[in-house]
Amino acid sequence: NAGVTQTPKFRILKIGQSMTLQCTQDMNHNYMYWYRQDPGMGLKLIYYSVGAGITDKGEVPNGYNVSRSTTEDFPLRLELAAPSQTSVYFCASSSINPQETQYFGPGTRLLVL
Amino acid sequence: RKEVEQDPGPFNVPEGATVAFNCTYSNSASQSFFWYRQDCRKEPKLLMSVYSSGNEDGRFTAQLNRASQYISLLIRDSKLSDSATYLCGNAGGTSYGKLTFGQGTILTVHP
């Protein structure tokens with residue numbers, strides 16, 4: 001099983017550019033999440049989804065957008081990249097029972113210059 | 001007050017030592033609690049989950065104190081391979097499974 005996969009692994013953006021971080025899970029999980037982790041810090045929730053077609057904001061949604069057209073995919077869109085968005089981005093998923101374990105992807109390291 | 005707070009450490013302990021971390025939380029409606037382990041430049045991976053008073057898995061023991069709103073992680077007989085960052089997380093009283101994480105506690109086990 002691939003679990004949760006993320007692409008790209010690393011990306012450098014210029015200020016004002018946009019990009020989409022891809023996240024795919026093959027565990028048929030309903031719940032998916034996007035987190036960012038700044039150096040020496042914990043994980044902060046950006047957006048989450050409880051199923052296809054349903055998304056909601058987390059703690060730090062500004063500057064990001066998401067969509068969930070299928071159960072498997074949960075892309076994160078950055079519009080007008082800013083240096084403050086330099087971070088490591090993790091996608092995660094969990095099963096129908098929302099209290100169960102979250103499985104994380106390997107992360108995308110983003111540098112905005 | 002932060003929703004989840006951890007002592008960032010770092011904790012430096014010799015092999016074989018017993019070490020304990022605490023994690024306090026502010027949401028009294030929290031129903032489930034988790035300890036994740038994160039190696040340098042890697043994704044977090046579940047170490048233990050706690051739904052009632054505690055959980056034990058080999059050298060690792062997690063205990064929940066709802067009255068004082070904290071959860072602890074005890075590691076006995078520390079190994080060099082235990083060196084990592086330990087993240088505490090809890091899921092609030094909603095049905096959406098949103099986890100709130102602390103900033104993590106750094107553990108270094110030395111020979």
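The values are calculated or read from the model by the stated rules, or taken from the named source; none is laboratory data. Only a predicted model underlies this, so the values are computations on that prediction, with no experimental measurement involved. Positions of Cβ are backbone-derived with ideal geometry, glycine not excepted, and every protein chain shown enters the neighbour counts.
Points to keep in mind about this one:
- Scanning the stretch A:48-84 for residues that are in a loop (DSSP other than H, G, I, E, B), in contact (Cβ under 8 Å) with a residue 24 or more places away in the chain and within 27 Å of A:LEU113 (Cβ to Cβ) yields a total of 8.
- Matching option when the condition is surrounded by fewer than 21 Cβ atoms within 10 Å (Cβ to Cβ) and at the interface with chain A (Cβ under 8 Å from one of its Cβ atoms), among B:LEU46, B:LEU80: B:LEU46
- Residue among B:GLY89, B:GLY54 that is within 20 Å of A:TYR103 (Cβ to Cβ), modelled with pLDDT under 95 and surrounded by 15 or more Cβ atoms within 10 Å (Cβ to Cβ): B:GLY89
- If you check A:GLY63, A:GLY58 for being in contact with a strand residue (DSSP E or B) (Cβ under 8 Å, 6 or more places away or on another chain), surrounded by fewer than 18 Cβ atoms within 10 Å (Cβ to Cβ) and over 20 Å from B:CYS40 (Cα atoms), only one passes: A:GLY63.
- Every listed requirement among (1) in contact (Cβ under 8 Å) with a residue 40 or more places away in the chain; (2) under 19 Å from B:LEU107 (Cβ atoms) is met by B:LEU46 save one, (1).
- Screening A:TRP34 with (1) within 18 Å of A:PRO83 (Cβ to Cβ); (2) surrounded by 14 or more Cβ atoms within 10 Å (Cβ to Cβ) gives one miss only, at (1).
- Residues in the stretch A:93-113 that are in contact (Cβ under 8 Å) with a residue 60 or more places away in the chain and outside any strand (DSSP E or B) were compared, and the one that is farthest from the other protein chains (Cβ to nearest Cβ) is A:LEU113.
- Residue list for the stretch B:7-43, restricted to those being part of a strand (DSSP E or B), farther than 18 Å from A:ARG36 by Cα, facing chain A (nearest Cβ under 10 Å) and touching a residue at least 60 places away in the same chain (Cβ under 8 Å): B:PHE34
- Checking each residue in the stretch A:1-17 for being surrounded by 11 or more Cβ atoms within 10 Å (Cβ to Cβ) and over 28 Å from A:SER95 (Cα atoms) picks out A:ARG11, A:ILE12, A:LEU13, A:ILE15, A:GLN17.
This table checks each residue for (1) more than 10 Å from every other protein chain (Cβ to nearest Cβ); (2) modelled with pLDDT of 95 or more.
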{"residue": "A:LEU43", "(1), (2)": "no, no"}
{"residue": "A:GLY51", "(1), (2)": "yes, no"}
{"residue": "A:GLY58", "(1), (2)": "no, no"}
{"residue": "A:TYR64", "(1), (2)": "yes, yes"}
{"residue": "A:THR70", "(1), (2)": "yes, yes"}
{"residue": "A:PRO75", "(1), (2)": "yes, yes"}
{"residue": "A:GLU79", "(1), (2)": "yes, no"}
{"residue": "A:PRO83", "(1), (2)": "yes, yes"}
{"residue": "A:CYS91", "(1), (2)": "no, yes"}
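- Taking the numbered list (1) in contact with an Asp or Glu (Cβ under 8 Å, 6 or more places away or on another chain); (2) more than 10 Å from every other protein chain (Cβ to nearest Cβ); (3) at pLDDT below 95 in turn, B:ALA67 passes all entries but (1).
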